[in-house]
Amino acid sequence: MRRVWALGLTAAGMLGAQSGPKNPFANDPTAAEAGRPVFRLFCSPCHGIRAGGGRGPDLTRGVYSVGESDASLFEVIANGATGTEMPEYMSRLGDENIWRMVSYIRSVARPDTTPITGDRGSGEKLFWGKGNCGQCHVVGTRGGRMGPELTRIGRTRSAAYLRESLVDVNADLTPGFFAVTVVTRDGKKLSGVQRAYDNFSAQFMDVNEKFYSFQKSEVASMKREFRSLMPDAYRQLFNDAEINDLVAYMAGLRGEDKR
Amino acid sequence: MRLRTILLLAALPALPAAENDPTTWLTYGKNSRGWRYSEIRQINTANVAQLAPAWSFQTGVFGKFETTPLVFDRMMFVTGPENHAYALDLATGRQMWHYFKPMPRETSVCCGRVNRGFAVLGQKLFKVNLESRLVALDAKTGNVIWETEIDDIKKGYSATVAPLVAKNLVIIGIAGAEFGVRGFVDAYDADTGKRVWRFWTVAGPGDPGSNTWGGDSWKRGGGSTWITGTYDPELNLTYWGTGNPGPDMNGDVRPGDNLYTCAVVALDVDTGQRKWHYQMTPHDVHDWDAIADPVLLDLVIKGEKVKAVVQANRNGFFYALDRATGKLLVAKAYTKVSWADGIGLDGRPILISGQDPTEDGNKSCPGIGGGHNWQATAFSPQTGLYYFTSTEGCQLYYKTDQEFREGQWYQGSTTGPIPTEPTTGAIFGLHPATGETRWKFEMVTPPTSGLLATAGGLVFGGDREGYFFALDARTGKPLWKFQTGGMVIAPPISYMLDGRQYVAVAAGQTMMTFALPKQP
């Protein structure tokens, strides 16, 4: 009971702090429909054509890491979200289109149908133990450097996306984390994760976190594959409950370790 | 007698004679035929490996740097993003003057606050500003001589094109097909800035072709003209490519062929009257603008000499047309095409069903940017090959119902990548009389820069990752490269100063020039 009260206070405090400009289209039933084509054009590449998330968070859950008010949604669309891939749209869309998009995002919000059922604590143990995920992923100050950093991953990816990344490692590759393989003229095969790749050269890091740079003209072959270097083994390694636990752990990673 | 000669010279059109001077670069496409071919052979296949930077000029202006610089009178004239422009000393790269006009906030631009270059007549430079205005600047000072409104920015019009000078006219195109504008080509008097004619690229009531637009859809029919046309003084025609109909991906609201969008039009230079048109993509729903350089080549096709205009179209086909009549001579796919099984004898594409955008996304090839998009192309009379870039791959096309609001985005939806099939790039060396590919330089990502061909047997280009490079014009083999540190979006040019050949290109926010090391 006491806990609910505390949450209530926090929510009221947040609303108070976020009282900003009001959506001029809040009572306009056509605004959401007008915002839809704008959303599909500008937002769908990351948030999904139906706003269900992808590289960017799921916007249909009705809860947003930037805050729940229209003003907070406007703010993040207008000015972007520091520390994430979300850019600013004010220069391209202007106030009115952004407010229409806020109306659209509100219109697609529905009760969360994919509750996170796993146990965070168990997930944390699996992450650093049985899964050995920390060999390639940094959380806070701990972990390896081959894969994307996961310190704030719960803020930037939906739970469904995290689950998919675990069981289908090539479902959506994080840009830049592609596999590069070079065969030198003396027949040595080297591979690692892309740092840069172009028409004339390749730079990559291998599993021992050693950097390489090669000119295409000086090696026997050079290729980049749009596949993940993450082992496609977790569906077999973990049972359903363990996967739920891992998703719960990752969904709970909000960046506290570095703040 | 002598005075009379001078007067006669002054009365002659300035460009056609001067544009043949290989030491200068006086118009967007090097010549009014759009070849982008330098006759200087000092830098060639044998020595290009030694090419090195001469000077660079940093604008400090963020945004895509798409300019084709002009070079004359020992100066380089460069337009930048955000309505900036510069005159640079050709020997050192030092700034001689700077022009800047802030863009009004309400200006709508679809694809970057860019500009593609100046045109020149005598000592007057002409450029468009983003807010749909045309300005004439004094080449010696950068001072404004006159300024003219092209059309109302509130309607969604904007301007990015490099103007084309023909006779005493400054001919320009317009942008804004993503904002529901009605496109046009305009000609202005070079002395006064007064409009002489306008050709609407969207047929309105009473115009031939008006029955190709259902209802009043012509009012927002798109058909923008954002890449510079070409000019044939003998036929007295100017050739312009036209952009997509609006809204881009939802054709339901504009039933019909939508003339004259996604077409090449030949216009009388004096009147702007349409002599002919050829529509590459009738009723386009994939945003396949036909704005790519319409290049004028004299070809031998099946044993017959023909004056042609060629275009590597965004829809995946290469076309050669008779430039006097518009008759189709050659149409051949140069990249993967899923929407048409060739072009029929009647000149219309043989459509393959199930290729239109849908609510949930439908795969079609090429992707929204082509194929070949707007990036400048080049032709070498030495190899007889036509060079252009292409994005290789397919995309998902989405359709959305959308209500029109003046000045607002009006695209009728979007596209997305096919996750398992990332797009790549290529530069083609193609035989223009047959459409056969002679060579293909494969690139890891979609191309960004324009091209230059030279008598040194070279094709210069750049890439997304910052490389500026030279290919062997006969084989496509890379011979030289330089990492500029910024994306190369602009086309390179070449000129000569004090007996030395230079190649120049904009990369990132920097104008760069290159030359061979001075002999000791």
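Just so it is clear, none of the values below were taken in a lab; they were calculated from the coordinates. Everything numeric here is computed off the predicted structure, so don't read it as measured data. Neighbour counts run over all protein chains shown; Cβ positions are idealised from the backbone, glycine included.
Table for the structure above
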read-out	value
Gyration tensor (Cα) of the stretch B:143-231, equivalent ellipsoid semi-axes in angstrom	25, 14, 11
Amide hydrogen neighbours beyond the local backbone of A:Ser201, cut-off 5 Å, H modeled	A:Lys216
Helix A:2-18 axis, angle to chain A major axis (alpha carbon atoms, nearest 10°)	90 degrees
Free-standing Cys residues across chain B, given no other cysteine C-beta under 4.7 angstrom	B:Cys262
Average beta carbon contacts from partner chains per residue of B:413-423, 10 Å cutoff	4
Karplus (6.51, -1.76, 1.60) ³J(HN,Hα), θ = phi - 60°, over the stretch B:450-462, in Hz, Gly and Pro reported as x	x, 10, 9, 10, 10, 5, x, x, 10, 10, 9, x, x
Orientation-averaged projected area, Cα convex hull of chain A (nm²)	17.1 nm²
Most to least packed among B:137-144, A:217-224, B:218-225 [average Cβ atoms within 10 Å]	B:218-225, B:137-144, A:217-224
Candidates per trypsin sites (Lys or Arg not before Pro) in the stretch B:178-215, loop by DSSP, up to 16 other Cβ within 10 Å	B:Lys194
Point-charge dipole on Cβ atoms (K/R +1, D/E -1) for chain A, about Cα centre, debye to 20	360 debye
Alpha carbon convex hull of the stretch B:43-169, volume per residue in cubic angstrom	137 Å³
Per-residue ³J(HN,Hα) for the stretch B:427-438, Karplus 6.51 cos²θ - 1.76 cosθ + 1.60, θ = phi - 60°, Hz, x for Gly and Pro	10, 9, x, 10, 7, x, 7, 10, x, 6, 7, 8
Calculated diffusion of chain B, Stokes-Einstein form, Kirkwood radius summed over Cα pairs, 4 °C and 1.567 mPa s, µm²/s	57 µm²/s
Averaged over B:359-365, number of beta-carbon atoms from partner chains that fall within 10 Å	1
Estimated dipole of chain B in Debye, rounded to 20 [Cβ of Lys and Arg +1, of Asp and Glu -1, Cα centre]	1360 debye
Stokes-Einstein diffusion coefficient of the stretch B:394-508, Kirkwood radius over Cα pairs, 25 °C, 0.890 mPa s, in µm²/s	146 µm²/s
Dimensionless Rg over Rh [the stretch A:179-225; C-alpha; Kirkwood]	0.91
Residue order, fewest to most beta carbons within 10 Å, for A:Met90, A:Met230, B:Met512	A:Met90, A:Met230, B:Met512
Net charge, B:Glu178 excluded, C-beta distance under 14 Å - Lys, Arg +1, Asp, Glu -1	+1
Neighbour-count order for B:Tyr231, B:Tyr37, fewest beta carbons within 10 angstrom listed first	B:Tyr37, B:Tyr231
Other protein chain Cβ atoms within 10 Å, averaged over every residue that makes up A:31-42	5
Radius of gyration and Dmax over the Cα atoms of the stretch B:214-321, both given in Å	14.4, 47
Debye, to nearest 20: dipole size of the protein assembly as shown, +1 on Lys, Arg Cβ, -1 on Asp, Glu Cβ	1420 debye
Folded to 0 to 90 degrees: helix A:90-108 orientation relative to chain A principal axis, Cα	80 degrees
Built amide H within the under 5 Å cut-off of B:Arg323, gap 5+	B:Lys307, B:Ala308, B:Val309
Chain B: relative contact order in percent, alpha carbon pairs under 8 Å with at least 6 residues between	14 percent
³J(HN,Hα), Karplus 6.51/-1.76/1.60, whole Hz, each residue of the stretch A:177-187, x for Gly, Pro	9, 9, 8, 10, 10, 10, 10, 6, 5, 8, x
Estimated FRET transfer efficiency (A:Arg50, B:Glu436; beta-carbon r; R0 51 Å; 0.05)	0.70
Under 5 Å, built H, 5+ apart or other chain: amide partners of B:Leu458	B:Ala473
Taking the stretch B:391-466 and dividing mean pair separation by its residue count, relative contact order in percent (alpha carbons under 8 Å, at least six apart)	24 percent
Burial ranking of peptide ranges A:158-164, B:468-474 (average Cβ count within 10 Å, highest at the top)	B:468-474, A:158-164
Calculated P(r) of the protein assembly as shown - Cα pairs past 42 Å, %	35 percent
Structure-based [θ]222 nm, chain A - -39500 (n - 2.57) summed over DSSP H runs of at least 4, per residue, nearest 500	-11500 deg cm²/dmol
Protection-proxy order for peptides B:385-398, B:269-282, A:167-180, each taking the mean of Cβ atoms within 10 Å per residue, highest first	B:385-398, B:269-282, A:167-180
Order of A:Phe238, B:Phe514 under a 10 Å beta carbon neighbour criterion, fewest first	A:Phe238, B:Phe514
